[in-house]
1. In nanometres, what is the gap between the two model label sites at B:Glu769 and B:Glu272, each 7 Å from Cα along Cα-to-Cβ?
2. What full-extension length gain, to one decimal in nm, is calculated for B:Ser901 and B:Ala660 as 0.36 nm per residue of separation minus the Cα-Cα distance?
3. Can you compute the FRET efficiency between B:Ser326 and B:Lys542 using 1/(1 + (r/R0)^6), with r the Cβ-Cβ distance and R0 = 51 Å? Round to the nearest 0.05.
4. Arrange B:Leu304, A:Leu120, A:Leu304, A:Leu190 by Cβ neighbour counts within 10 Å, fewest through most, would you?
5. Enumerate the amide H contacts of B:Val86 below 5 Å, restricted to partners 5 or more residues apart or on another chain; note that Pro and chain-start residues carry no placed amide H.
6. Normalised radius of gyration for the stretch B:787-888, please: alpha carbon Rg relative to 2.2 N^0.38 Å, two decimal places.
7. Run through all the Cα pairs of the stretch B:690-773 and give the fraction in each 5 Å bin from 0, expressed as whole percent.
8. Classify the stretch B:750-831 from the C-alpha gyration tensor, please: rounded if a/c falls under 1.5, else prolate or oblate depending on whether a/b exceeds b/c.
Amino acid sequence: MEVSVMGSSQVKIGRSDLAYRDVGFCNFSSNNLNAKIFARNSKICFGQTIKCPPKSSIQFTLKASAAAQSEAVVSDKVSGNTRSNTIDGVRLYVGLPLETVSDCKTINHARAIAAGLKALKLLGVDGVELPVWWGIAEKESMGKYEWSGYLAVAEMVQKVGLKLHVSLCFHAAKEPKIPLPEWVSRIGELDSSIFFTDRSGQHYKECLSLAVDDLPVLDGKTPIQVYKEFCESFKASFSPFMGSTITGISIGLGPDGELRYPSHHHPAKGNNSHGVGEFQCYDKNILSCLKQHAETFGNPLWGLAGPHDAPNYDQLSISNTFFKENGGSWEIPYGDFFLSWYSSQLILHGDRLLSLAASTFNDSPITVSGKVPLMHSWYRTRSHPSELTAGFYNTVNRDGYEAVVKMFSRNSCKMILPGMDLSDEHQTNESFSSPESLLAQITTACRKNGVGVSGQNSLVSGAPMGFEKIKKNLLSENAVMDLFTYQRMGAYFFSPEHFPSFTEFIRSLNQPKLHSDDLPVDEKEAVDSLPAKDLHMQTA
Amino acid sequence: MSTVAMEPILRHSHRKTAKIRINSGKIPPSSLNYTLRPLSNGKSFCNFRPHKPPLAITLRASSVSDTAVVETSKSADVFYEETFPVKRTEKVEGKISIGLESLKDKEDWRLTVGCNLPGKWILHWGVHYVGEVGSEWDQPPIEMRPPGSISIKDYAIETPLEKSSTSLEGDTFHKVKIDFNTKSSIAAINFVLKDEETGAWYQHRGRDFKVPLIDYPRDDDNMVGAKKGFGIWPGALGPLSNMLLKSEVPHSTGEDSSSYSREPNQQNRCLERFYEECSIVKEALVDNLLSVSVRRCQQTSKNLVYIETNVPGDVVVHWGVCKDESKKWEIPAEPYPAGTTVFKKKALRTLLQRKDGGHGSWGLFTLDEELVGFLFVLKLNENTWLNSMGNDFYIPLSNSSFLHTQLRQIQSEGQGQKGISKGEESGTPISGEGGEGNQAVSIYTEEIINEIRNLVSDISSETSRHTQSKEAQESILQEIEKLAAEAYSIFRSSIPTFSEEAILEAEVLKPPVIISSGTGSGFEILCQGFNWESNKSGRWYKELYEKAEKLSSLGFTVVWLPPPTESVSPEGYMPTDLYNLNSRYGSFDELKVLVSKFHEVGIKVLGDVVLNHRCAQFKNQNGVWNVFGGRLNWDDRAIVADDPHFQGRGNKSSGDNFHAAPNIDHSQEFVRRDLKEWLYWLRKEIGYDGWRLDFVRGFWGGYVKDYLDASEPYFALGEYWDSLSYTYGEMDHNQDAHRQRIIDWINATNGTAGAFDVTTKGILHSALERCEYWRLSDQKGKPPGVVGWWPSRAVTFIENHDTGSTQGHWRFPGGKEMQGYAYILTHPGTPTVFYDHIFSHYESEISQLISVRNRNKIQCRSTVQITKAERDVYAAMIDEKVAVKIGPGYYEPPNDSQKWSLAVEGNDYKVWEAS
């Protein structure tokens, strides 16, 4: 359908250039005609679309002052596509409460959510995000799935006419308390090596260690197999919604669903919450992997443990010698050896899960995403210790995100990035933090590799000027985002302290910010690869 | 290329979808309705009829957009063609079945409750233990609870009914089984049935269903299975008893099923199996289609309007034409289609012809080409009209006026506060209260969602739609606000740390009978029991005590007492310590005595509570008075931040500021908690039955809802007083914006409170003072005040302590007070009479008017039909039982159908009763 429109419009444009000028089509310059017209066109026609042919077609005809042909084309398009509310530009989603479904059969606060969904719909929000927990849907025993609560939510969402993005959560949550499946916890009690472990031997029990991905630790099955079956059961159970209501899923990649090591899980002591974190390479499986790697590398002594001179969770980067600004161990060959291995393990893990998800859902018309954290503390030091302990080998000397983004690109997955609400000026000085620069680094890599980005905000209670920042990020010239998910619905979300500003935010996004004539003329790159960035035709 | 559908007008697919819906007769599940409380007043509980027409609307939202496609025809002569989805209410009858049977063991029994209507049925139940006197609702023992049960507080269980597709027609049947043992000393099982989708509760004869088991005195008429030998369970009893009983079984909703002799001494009776069915009626909205096309006939140069619909039954088109853009109804020249009748010289009525094959009907109207538009509404029967979003259908008849802005969503039920137009048919009620409260909100939301859809698609024509979208946007925002407030209250109420919410939550979850809506019974007549001078004597409570019996005998049912708290100003409106109830009106004890006296004589008492502001008792270090004393010793965090005088540290005010005192910041949790506690205390300690809320313009109505939910008043009303609109010193005829602001406030409270109808007072001023009685009818022939839009929430008055008394801020036209009372005491809404007027020479006239009102059972929801609204006379008929005229002009009610006799007469007013 779209092709036909594009085709005939093109012909028309060629013929009556002047007429289109009025509508704002005037900016196409040279070599790049086709792509541009398409992009522009999508603003005018597809962006508004739908459902009211006499009006839209008449209107179009008047403006274009063109012959009957174009009228026919448009109404054809319209009558064939009566429903799509999809507007080019950034789609806006809101996360449902984490505990929307907490005992598999019932929806918590169903009435509140129903009212909330309606409010969101009226506001013009496109969809909602629903966390689906491993520990709830496959709670009792392996392979015994209970989707009814989640199905009921999907039905509610469908009825209101919203879209749904489902986050498959293979981790546990502390607040609200959502554990891993009971049967997994039982296994973990007997064999704690399935969990991440730090230098002092403490386990992180909210998700499985990436080192056991392919080990048959779960009653003879590997976690990857279990995840895969979970995804398949999900897909089968939700098939009526796939592609219609459910437009995307994201697959949990680690702690809090993010692709990282749980390097910062230790509760901060005292005032200092900006510690560098710790390496999590001390469970027996990952240690044996390290050992093997060191032997292959030809330096078996390097494979006995993690770095001995790394600081503790809460310590600053200057403590101890590993992350020292100048001459720290991170810059010596051992450091490079270790960090390369440590980060590659994470990428391999991400690859396993994303390809699992991609292959499971490749015949469903939905997008698959994974979430990457924004480890922005210490970004302004040379060694970026927070990122290193979390598994991103990103320092002043090396771009650690290129490889991650390529892995996403390989699996045709989209990347979810939090922190759209964070700005540098509100970070404390001593943390050397820079969320903005880090975000820019990652999004640049994404743009380069054609990986789409979905944004999220980080702070539940709202960063200072958070909405301003989000807006800036969404509207930014270089934005690669086509979806933003605001976290998250709940009491605070609807409170008089918060909801009015959220409404204001949405409304300000919906107001056309720029007339199409005011858009910069030369944005070849963006138009080429990302027709979706035409924000001024926002979500209706 | 483009799919052009010319004839038949309905594309096949349209027809098909519609048919499917109707034939199946099923109500699509709608889980998204906006229901805050299951029901708001007990009296609508009779016989299983759901309180409000429930719903099914929600599902539509998505499908409507599919069917509402309007096709452009490229043909030259058909220049208008549109298909409107039409919703109308249809009642679906079903059955609730209750069966009791014994299992293998003599002591093990099973109660089965079923329902054959689609829905998300929940059994809300509890048990009554043997020997327990106080509580009829207790939690059953654990072993009795079927899987999936949820306990509700400590007195009830909610168990979903499971779907079992049994019956022959493929209808789904829902049922739940409860097994119990007779040893568990349960005297009775109580339950109500709840439809989670619609929020409607279904009861038995207005009370809980009650299944007596052992030791239960069986003298309640809401029992089921109380009759001995009531079993027609196959094989249970002999065929004879079966036959005997059968006739009685099917509809036990009838007059009386307890013809059976009552034997209170029937102790330790054995349990017997029984099976009983009760009919249940659920109202659902059904979608139909209406399509209209206009064609130009080239030979005759006339326009042919073709109307086709698949609404079953007789459909009458009530129509007219307009000759210019004003949309004024006029009757065209003849000829009319066959069978057309002229209605009151203002409109035409044409019965549509049935289509062959039964489904639907059609009509063809030939109109001259110079006519600009074709206006119509559909009439299904006396009480059911279909219009277009509260407006008449308007079909443009010329090509030029093509950019019409029809909203294609049609509602057959009243839109509550939004007003209803049906052409010239102002008097006929469209199911007056159908749109009230929750239901209205729910339908309303659907409309808005559809509206948004339309807006999205209509962006293209900026100019013509600019204003409309703005209005729509505003109403959308209001709706969003309401929904958010609801979501907020539910989410918040379940945060465990906020234990103060327990009251609120309990209130929401209690069985529906107990819930009071804050809007009384509808028959209230208020008396403002003080004036601006009442504080002077220092013993007002005692003085009023002497008058209680008199007020009662005059017919008042509610009295509004002055603000009771300690106050900076003697009149009480500048409160300081809220818990100190010694005021210039009298002492705490005197107040209590007064309240109980009123209760004795059958009058409810409203407390005047000032929540907007509060005077501080102490200065802060800067010398600013912003530190409070007494039990609620708040500091500057309780004061809004946007009034510089008081250096508040709270948030910005959620309403207008009252500048004479620190405005309280209701967004603070601790403030709300303290106020709720205070109101609750007033209810309990003093015995107030409800509230008159002072200056509610000052803070968000959503907070008021919070307070009312917590204090559960019998009646509550807010003072939302702002200025009417004037142009060059002359009051505008149309005060819709003014009344809309009051309605908005009521809406923000979620309809839990009424409000003073300041609009009506203002319009009465102009009408009476300047002899402009035409003002008393709005453009749609309804009363022009709040009472015309939301009568059950409008509290009408003509004077109070501020407007009149010794202040006289906005005094009612002198000497014309009785005309004002003749109006408000005969009209819907809840009338309030000012103290000064009662104890004056008006007393006997007022008393007569009140007795006319009571005698004819006129209440806040009565219907009013305006029969005359001219320069010097206004006349109306209320409930077709009372006629009233005010103004010097002449009017007599027509004596054709009814005989009228004069009941009260005074200076420029007359009231008649039908005899």
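1. 7.4 nm
2. Working: separation 241, 0.36 × 241 = 86.76 nm, distance 5.25 nm.
That works out to 81.5 nm of additional length.
3. Numbers: r = 61 Å, r/R0 = 1.20.
Efficiency, from the Cβ-Cβ distance: 0.25.
4. On the way: B:Leu304 16, A:Leu120 29, A:Leu304 11, A:Leu190 7.
By the 10 Å Cβ count, ascending: A:Leu190, A:Leu304, B:Leu304, A:Leu120.
5. Here the answer is B:Asn288, B:Leu289, B:Leu290, since their amide H atoms fall under 5 Å of that of B:Val86.
6. Values: Rg = 13.5 Å, N = 102, 2.2 N^0.38 = 12.8 Å.
Scaled against compact globular proteins, the figure is 1.06.
7. P(r) for the stretch B:690-773, in whole percents per bin: 3, 15, 25, 19, 13, 11, 8, 5, 2, 0.
8. oblate
We did not get these values from a lab; they are worked out from the coordinates using the rules stated. Here the structure is a predicted model, which means the values were calculated and not measured. When we count neighbours, we look across all protein chains shown, and the Cβ atoms used for this are built from the backbone with ideal geometry, even at glycine.
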